[in-house]
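To start, the structure itself, in structure tokens.
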Amino acid sequence: MSRSTPYLRIGELSARSGVSPRSLRYYEKHGLIRSDRSANGYREYDESAIERAGAIRLLFEMGFSRDIVASVLTCIGDVPDSAHRAVEEQLERVRDELAAQLKTLSETHRRVSTFLEDRAMLRAAAQQGSA
């Protein structure tokens with residue numbers, strides 16, 4: 001970053017993006033955001049890091065893996081349409097996997113509910129029989 005460009009230190013980026021300094025360091029370690037270092041070693045971020053950090057946090061909160069987050073980030077900014085299409089395809093696969101997981105969870109929920117209802121009826125019948 002040039003000195004003529006305003007920069008943010010990690011504390012200010014954290015306050016403005018709502019992302020903890022620890023998470024920002026993690027994002028940087030894994031190449032999701034970048035910073036320059038000042039002469040005294042402080043991290044310096046440009047203004048675009050505010051939106052990027054927030055987007056990264058949101059994607060992680062949605063349960064996406066680091067690889068998916070990195071792919072989605074390739075579509076932020078001025079990028080060719082081919083990059084958008086590749087990410088769309090990857091997200092379509094994620095969506096399909098989520099749909100399969102939801103189907104499995106729904107079936108498991110149904111089975112557990114049936115089991116509990118059956119147990120309740122057996123208990124009620126046993127109580128009536130002993131009364």
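Coordinate-derived values only; no laboratory data. Given the structure is predicted, the values throughout are model-derived calculations rather than measurements. For neighbour counting, all protein chains shown are included, and Cβ atoms are generated from backbone atoms with ideal geometry for every residue, glycine included.
So which DSSP H runs in the chain come out at 15 Å plus along the axis (Cα) with average Kyte-Doolittle of at least 0.5?
Result, helices passing both filters: 48-61.
Could you tell me which chymotrypsin sites (Phe, Trp or Tyr not before Pro) in region 1-77 are loop residues by DSSP with no more than 13 other beta carbons within 10 angstrom of their beta carbon?
Sites meeting the loop and neighbour criteria: TYR42.
If eta is 1.002 mPa s and T is 20 °C, what Stokes-Einstein diffusion coefficient results for region 1-109, Kirkwood Rh from Cα pairs, in µm²/s?
Reported coefficient: 137 µm²/s.
Would you order SER113, SER23, SER38 from fewest to most other beta-carbon atoms within 10 Å of each residue's own beta-carbon?
Ordered from fewest to most neighbouring Cβ atoms within 10 Å, SER113, SER23, SER38 come out as SER113, SER38, SER23.
Which value in nm describes the separation of the simple spin-label points at SER65 and SER82, placed 7 Å from the Cα toward the beta carbon?
Those two pseudo-labels are separated by 2.4 nm.
Please report the relative contact order for the chain, taking Cα pairs under 8 Å with a sequence separation of at least 6, and give it as a percent rounded to a whole number.
17
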